[in-house]
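S.K.: Pasting in a structure now, in structure tokens, and then I'll have a few things to ask.
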Amino acid sequence: THANPGERSSQYAAEASCRVRYGDSTTWMATLDVDEYLIPAGSWMISTEKKTIDNSKEIGLQKWLRSLDAKKDDAYILSFYQTRALPDARKMIPKVDATNGNEILTKNTSLTYLETYDCETTKLPKPDFGWRAQKQIYKPEFVLNHYIHYSPITNRVNTHPNAVSLRYVQAKPYERRVDELKEGFLLHTKTTEPGKTNSWKTKCSETAKKENCPVGIAYTDQWGDTLSASDNDAVMSKLDKTWMEDHSLGPNCYRHKVVQEHLVSMLEKAMKPYLEKYNQR
């Protein structure tokens, strides 16, 4: 554990440097961790028709941002609320903890983090406390300094120097929260260490408190990014339901339809040539 987990001076410097060097050459900018995924939603989701995916130069969030520019949307800062996702227990590998003989779960190395950690404890939209760890897409022409989660200094210090500044947030319409059901949402796939899953079956049982379960037991009858699942989705999840009942586990998280049906396979396809080059080294 870091002696001072709040000390992020190197991050501040890197982000400020990026904005200064590249801000003039882009309309929108964002700084994300490698375990954070921006997922398109609503009409910006990936089409199920293969020809639409292959023939479009821009898809998902790229098109969405272009549409905001075309509509002259007044927002210069788009905030994605963030909550930590859980690793889907069905996609993990069980092992025995050598220190105490209990079963623990480890990540399946043949699966991506996107697929493994697509299980959120709440449905969309995310709860209000997700603003604390929000990530933002912002216009560098407006945001003069960006610090990881917030945009504390904007061009309004020049245009409106006497305006009252809000704490941690810019006034409307300059900053707004993204509509997570119609525009997009953020999936945070932060690693859960195997040791944290010790005694997971007890902690995730039907009678245990959901907040004590260290892994995800996905609901089998509904998605986190839609109102309800279709009949075909319910049939596909019968194996999950049987597994959950056999182990007397209680569901505590929701998968996302767009991730499971589209983005997982697209990511695997995009990564394949790089993995082949790596394995040939």
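The values are calculated or read from the model by the stated rules, or taken from the named source; none is laboratory data. Only a predicted model underlies this, so the values are computations on that prediction, with no experimental measurement involved. FYI the Cβ positions are ideal-geometry reconstructions off the backbone, even for glycines, and counts take in every protein chain you see. What goes into the accessible areas is simple: the full protein's heavy atoms, side chains included, and nothing from ligands, DNA or RNA. Shrake-Rupley method; radii C 1.70, N 1.55, O 1.52, S 1.80 Å.
S.K.: Can you work out the Karplus-derived ³J(HN,Hα) for every residue in segment 66-75? Use 6.51 cos²θ - 1.76 cosθ + 1.60 with θ = phi - 60°, whole Hz, and x for glycine or proline.
M.R.: With the stated coefficients, segment 66-75 comes to 4, 5, 5, 5, 5, 7, 6, 4, 6, 7 Hz.
S.K.: Only four residue types carry charge here, +1 at the Cβ of Lys and Arg and -1 at the Cβ of Asp and Glu. Report the dipole size of segment 1-41 about the Cα centre in Debye, rounded to the nearest 20.
M.R.: Working: 3 positive and 6 negative charges, 33 e Å.
In total the dipole reaches around 160 debye.
S.K.: I'd like the Karplus ³J(HN,Hα) series for segment 260-268: coefficients 6.51, -1.76, 1.60, θ = phi - 60°, whole numbers in Hz, and an x wherever there's a Gly or Pro.
M.R.: 5, 8, 10, 6, 4, 5, 5, 5, 4
S.K.: Same structure, new question: Take the Cα radius of gyration of the chain and divide it by 2.2 N^0.38 Å, with N its residue count; two decimals is plenty.
M.R.: 1.12
S.K.: Right, another one. Suppose R0 equals 35 Å. What FRET efficiency, 1/(1 + (r/R0)^6) with r the Cβ-Cβ distance, do Ile148 and Ser110 give to the nearest 0.05? Mind showing how you got there, number by number?
M.R.: Working: r = 32 Å, r/R0 = 0.93.
After rounding to 0.05, the efficiency reads 0.60.
S.K.: Run down the lysines and flag those whose C-alpha is under 19 Å from the C-alpha of Lys95, throwing out any fewer than 8 positions away in its chain.
M.R.: Those lysines meeting the cut-off are Lys107, Lys196, Lys201, Lys203.
S.K.: How far apart, in nm, are the 7 Å Cα→Cβ label points at Thr99 and Ser165?
M.R.: Once both label points are built, they end up 4.5 nm from each other.
S.K.: Express the C-alpha Rg of segment 92-168 as a ratio against the empirical globular expectation 2.2 N^0.38 Å, rounded to two decimals.
M.R.: Output field value: 1.87.
S.K.: Using a 1.4 Å probe, what is the accessible area per residue for the chain, in Å²?
M.R.: 60
S.K.: Which cross-chain or sequence-distant (5 or more) residues have an amide H under 5 Å from the amide H of Gly216, H modelled 1.01 Å from N in plane?
M.R.: When sequence neighbours closer than 5 places are left aside, the close amide H contacts are Asp88, Ala89.
S.K.: Ok, one more. Connecting C-alpha atoms closer than 10 Å in a GNM of the chain, tell me which of Asp240, Asp73, Asp225 has the biggest fluctuation.
M.R.: Result: Asp73 has the largest fluctuation of those listed.
S.K.: Running a GNM on the chain with Cα contacts under 10 Å, which residue among Ile137, Ile153, Ile77 ends up with the highest mean-square fluctuation?
M.R.: Answer for the Gaussian network model of the chain: Ile153.
S.K.: Under 10 Å, Cα contacts only: if you run a Gaussian network model on the chain, which one of Lys72, Lys210, Lys123 comes out with the highest mean-square fluctuation?
M.R.: Sorting by GNM fluctuation, first place goes to Lys72.
S.K.: Kindly provide the helix-only [θ] at 222 nm of the chain, computed as the sum of -39,500 (n - 2.57) over DSSP H runs of four or more divided by all residues, to the nearest 500 deg cm²/dmol?
M.R.: -7000 deg cm²/dmol
S.K.: If you don't mind, another one. Please work out whether segment 129-169 counts as rounded, prolate or oblate from its C-alpha gyration tensor, where a ≥ b ≥ c are the square roots of the eigenvalues and a/c under 1.5 means rounded, while otherwise a/b larger than b/c means prolate and anything else oblate?
M.R.: Because a/c hits 1.5 or more and a/b fails to exceed b/c, segment 129-169 counts as oblate.
S.K.: Do any cysteines of the chain lack a neighbour Cys whose Cβ is under 4.7 Å away, and which are they?
M.R.: Cys18, each lacking another Cys Cβ under 4.7 Å.
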